[in-house]
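Asker: Structure incoming, see below.
The values are calculated or read from the model by the stated rules, or taken from the named source; none is laboratory data. The model shown is predicted, which means the values in this text are computed figures rather than measured ones. Here the Cβ is made from the backbone with ideal geometry for all residues, glycine too, and neighbour counts use every protein chain on show.
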Amino acid sequence: MGRVSGKVAFVTGAARGQGRSHALLLAEEGADIIAVDICEQTEFANYPLATADDLAETVALVEKLDRRIIARTADVRDRAALVSVVADGIAELGRLDIVVANAGLCPLGADLPAAAFLETVEVDLVGVINTISAALPHLGAGASIIATGSVASLVVGHTDSPTNGPGGAGYAHAKRAIVPLVRDLALALAPEMIRVNAVHPTNCDTGMLQSEPMYRLFRPDLEAPTREDAESAFASLQAMPNVPYISPREVSNAVLFLASDESRYVTGLQLKVDAGATLKQPNLS
Ligand SMILES: NC(=O)c1ccc[n+]([C@@H]2O[C@H](COP(=O)([O-])OP(=O)(O)OC[C@H]3O[C@@H](n4cnc5c(N)ncnc54)[C@H](O)[C@@H]3O)[C@@H](O)[C@H]2O)c1
């Protein structure tokens, strides 16, 4: 028996990175998966988002584990699309127990227009609300909702420093808003025995971190920093030494705990998976 055997999990941003990792670990532990990803660029995304091939790869990897998966291309800003994906998934898989609102966008750069602020908030905050909203009518006692925040939600002067432009400010705004959203929704849903928690990762080794705008955030002293230039600076965020980033699996381990019945009385938790990053910074936690 796996730790989430017999459950069905809805994971957004599942084509690659942390979302794929969450889908795979939950599947390894016995869950079937409903997966969505945008699989195209948004207007202000200035680094590559996932592709349809990436989502197909997630499907193949879950099926290799002998679990079922329903995968669709959908934008978390489009609530009606999410409602339809969840309906399709439940028609096929029979139930819904776990929601992992993980999809995210972080377009950094002072050259982006102010509208990048709103696009980022629409994906990273409204997208989380849309995801939960699409799932909620199908959730019952024992269900678990997990939202992905960020170290950026708990510290000041990181993505929201002026050099990171309106997308960075929007990212910090949206991720900060995950904290009270999770706390207040956890209280509202407690009478129904539905739990709501957040994971807050530090630098994580995915396409979002390994991108030119992020290299510039960590190496503002260089005009065109490379991955190699950024690696040493990545480690400066964490309190634990020589940790430039964590792997997606480290975050998935936290998601698995929060998804499983092992955490049946854990709700409203802001679970930092951050190698001490927030302990080091002026922080809001
Ligand atoms: N990588 C990091 O260092 C880091 C740190 C803290 C928090 N996070 C958060 O972790 C989550 C996962 O990001 P990741 O690190 O795996 O990066 P990633 O870029 O690899 O994954 C994000 C996924 O979300 C998808 N996506 C983006 N906009 C979407 C939309 N509108 N609708 C549906 N899907 C959309 C992308 O296509 C991509 O597959 C995000 O919420 C991110 O903000 C990342």
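Asker: Evaluate the following for Thr42: is it within 14 Å of the ligand (Cβ to nearest atom), part of a helix (DSSP H, G or I) and modelled with pLDDT of 95 or more?
Answerer: No: the conditions fail for Thr42.
Asker: Also, I was wondering about something else. Here are some conditions: (1) in contact (Cβ under 8 Å) with a residue 40 or more places away in the chain; (2) in a helix (DSSP H, G or I); (3) surrounded by fewer than 24 Cβ atoms within 10 Å (Cβ to Cβ). Arg20 meets all but one. Which one does it not meet?
Answerer: Every listed condition holds for Arg20 apart from (3).
Asker: Looking at Ala190, Ala186, Ala177, Ala198, which is the one that is surrounded by fewer than 24 Cβ atoms within 10 Å (Cβ to Cβ), touching a strand residue (DSSP E or B) at 6+ places or on another chain (Cβ under 8 Å) and within 30 Å of Pro137 (Cα to Cα)?
Answerer: Only one candidate qualifies: Ala186.
Asker: Would you confirm whether any residue within region 3-24 is near the ligand (Cβ under 10 Å from one of its atoms), closer than 19 Å to Leu136 by Cβ and polar (S, T, N, Q)?
Answerer: Within region 3-24, one or more residues are near the ligand (Cβ under 10 Å from one of its atoms), closer than 19 Å to Leu136 by Cβ and polar (S, T, N, Q).
Asker: Could you go through region 80-99 and let me know if any residue there is under 20 Å from Met193 (Cα atoms) and of a type in the set (Ser, Thr, Tyr).
Answerer: No, the conditions are met nowhere in region 80-99.
Asker: Restricting the search to region 45-90, which residues are within 12 Å of the ligand (Cβ to nearest atom) and assigned to a helix (DSSP H, G or I)?
Answerer: Ala52, Asp53, Asp54, Leu55, Glu57, Thr58, Arg79, Ala81, Leu82, Val85
Asker: Further, regarding this structure: Out of the residues in region 135-151 meeting the condition of being more than 10 Å from the ligand (Cβ to nearest atom) and either touching a residue at least 60 places away in the same chain (Cβ under 8 Å) or more than 25 Å from Ser84 (Cα to Cα) (or both), tell me which one is surrounded by the fewest Cβ atoms within 10 Å (Cβ to Cβ).
Answerer: Result: Gly142.
Asker: For the subset of region 201-220 comprising residues that are surrounded by fewer than 22 Cβ atoms within 10 Å (Cβ to Cβ) and free of Cβ contacts under 8 Å to residues at least 24 places away in the same chain, which member is nearest to the ligand (Cβ to nearest atom)?
Answerer: Gln210
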